[in-house]
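Inspection log for the structure reproduced underneath, given as structure tokens.
Just so it is clear, none of the values below were taken in a lab; they were calculated from the coordinates. From a predicted model like this one, the values you see are computed outputs, not experimental measurements. All Cβ positions, glycine included, derive from the backbone under ideal geometry; neighbour counts span all protein chains shown.
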Amino acid sequence: MAEAVENSTNNAGGASGAGSSGGRAARPEFRNINVGDILSYRMPSPAIVSILHRISGVLLFLVGLPFILYLFQQSLLSEISYENYRAIVSHWFAKLVLLALIWAYLHHLIAGLRFLFLDVHVGVDKPSARKSAAAVLIISLPLTLIIALKLFGVF
Ligand code: HEM
């Protein structure tokens, strides 16, 4: 049974059905790429920045918009809701969520500006694209760190 599974795995994506047997040379295999394979890729900085841009956009939209709008509403509705707002934003977990959103915003903003330049064909050659991608990380990550220190009361 295990052997059968192994054989079928080895043939995955390869020729199956008519013409795949009979001593002919093995045909090349074109396997489907799975999301899990992404971890085994060596990714240059533009690829990392691009993926993070998508993740940050989705995070801002799905978590950022509802959470920030809720906090905004709580801060304005009444004195009691304002106290509620203060209690929420002083909780460590809410601070972590806010920090993730702050990173997402900073990364998305800076990477987004980079993409807009790329869209008008500025800096599209490989060395420039790599430099600008590195710049996105070099600007957004320390900025996030500074805000994290402020958020958690280090200064
Ligand atoms: C702060 C200024 C912003 C800039 C400069 C910006 C820029 C961009 C650009 C250029 C793209 C297209 C990227 C591409 O070509 O693949 C994009 C995609 C996107 N943005 Fe923004 N954006 C900003 C703010 C936001 C905000 C506040 C949100 C959410 C509330 C958001 C959510 C998204 C989403 C979900 C996508 C699609 C991501 C994808 O499919 O890869 N963006 N943004």
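Considering only 96, 69, 137, the mean-square fluctuation computed in a Gaussian network model of the chain, springs between alpha carbons under 10 angstrom, is largest for 69.
Peptides 145-151, 37-43 ordered by packing proxy, namely the average of other Cβ atoms within 10 Å per residue, highest first: 145-151, 37-43. Sorting 97, 35, 58 by the number of Cβ atoms found within 10 Å of their own Cβ, with the fewest placed first, yields 35, 58, 97.
Computed from label points 7 Å out along Cα-Cβ, the spacing between residue 33 and residue 76 is 4.5 nm.
Over every pair of different alpha-carbon atoms in the chain, take the mean of 1/r and invert it; report that Kirkwood radius in Å.
20.0
At a Cα cut-off below 23 Å, give the lysines reachable from residue 150, other chains included and same-chain residues fewer than 8 away excluded. The qualifying lysines are 95.
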